[in-house]
Amino acid sequence: MLSSTWNFIKRHKRKFIFTGVFVGGVYLLGKYAQRKMQEMQEREAAEYIAQARRQFHFESNQRTCNMTVLSMLPTLREAIIHHLNSESLTALLKTK
């Protein structure tokens, strides 16, 4: 029994070697593709997080600018009214 199995293996040695190399190559290629896919997913996740951070930073700056401008509006309005004095000009135009 053992000698017949050994003879079978000797007769088909090339086929076994080719099959072993082929199966090993497919396995290694699958592992390589799996690793590349994982790296690509990690890169996409990092890009998404960076984009979210930039968006949050932009919105935060925009809120700060809006609040600053809104807080300065009353002071600016008073300064414009004082310097331009449109009421006296309007009264002058009405009299003429």
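The values are calculated or read from the model by the stated rules, or taken from the named source; none is laboratory data. The shown structure was predicted, so the numbers you read here are calculated from the model rather than taken from an experiment. Every residue, glycine as well, gets a Cβ built from its backbone with ideal geometry; the counts of neighbours run over all protein chains shown.
Contact list please: Cβ distance under 7 Å, first residue in region 35-48 and at positive phi and at pLDDT below 95, second residue outside any helix (DSSP H, G or I) and surrounded by 10 or more Cβ atoms within 10 Å (Cβ to Cβ), pairs at least six apart or on different chains.
If the second residue must be outside any helix (DSSP H, G or I) and surrounded by 10 or more Cβ atoms within 10 Å (Cβ to Cβ), no pairs are left.
Among the residues of region 61-96, which ones are basic (Lys, Arg) and either exposed (fewer than 10 other Cβ atoms within 10 Å of the Cβ) or touching a residue at least 24 places away in the same chain (Cβ under 8 Å) (or both)?
Result: LYS94, LYS96.
Kindly indicate whether any position in region 22-38 is of a type outside the set (Phe, Trp, Tyr), surrounded by 10 or more Cβ atoms within 10 Å (Cβ to Cβ) and more than 37 Å from the chain's Cα centre (by Cα).
For region 22-38, residues of a type outside the set (Phe, Trp, Tyr), surrounded by 10 or more Cβ atoms within 10 Å (Cβ to Cβ) and more than 37 Å from the chain's Cα centre (by Cα): present.
May I ask you to say which residue of PHE22, PHE16, PHE8 is assigned to a helix (DSSP H, G or I), without any contact (Cβ under 8 Å) to a residue 12 or more places away in the chain and touching a helix residue (DSSP H, G or I) at 6+ places or on another chain (Cβ under 7 Å)?
Selected residue: PHE16, the only one of PHE22, PHE16, PHE8 that is assigned to a helix (DSSP H, G or I), without any contact (Cβ under 8 Å) to a residue 12 or more places away in the chain and touching a helix residue (DSSP H, G or I) at 6+ places or on another chain (Cβ under 7 Å).
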